[in-house]
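Only one structure is covered here, and it is reproduced in the block below.
The values are calculated or read from the model by the stated rules, or taken from the named source; none is laboratory data. Given the structure is predicted, the values throughout are model-derived calculations rather than measurements. Neighbour counts run over all protein chains shown; Cβ positions are idealised from the backbone, glycine included.
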Amino acid sequence: MVSDFFIHVICRTGWSYIYEVVSHDLSYDEAQIFMKSIREFCFAGWGKVLGADL
């Protein structure tokens, strides 16, 4: 079971991805590649935490 606190922390952490893209002045293409990697990384992690066989 995932706690509300866990979800809260993960959601707050997600904003740091956007901050890093902006603060490092990534191009649109670089940002897309970066966010695709983050999406794949998080998808795998959520699958494990939720006990899903993704």
Is it the case, given these coordinates, that ALA44 is surrounded by 10 or more Cβ atoms within 10 Å (Cβ to Cβ), assigned to a helix (DSSP H, G or I) and at pLDDT below 85? yes
Go over the candidates LEU26, LEU50 one by one and state the one that is surrounded by 10 or more Cβ atoms within 10 Å (Cβ to Cβ), among the hydrophobic types (A, V, I, L, M, F, W, C), modelled with pLDDT of 90 or more and on the phi < 0 side of the Ramachandran plot. LEU26
So in the stretch 1-36, with the set limited to residues that are hydroxyl-bearing (Ser, Thr, Tyr) and outside any helix (DSSP H, G or I), which one is nearest to GLY51 (Cα to Cα)? SER3
Inter-residue pairs, beta-carbon under 6 Å, first more than 30 Å from SER3 (Cα to Cα) and in the stretch 26-52, second of a type in the set (A, V, I, L, M, F, W, C), 6+ apart: ALA31/VAL21
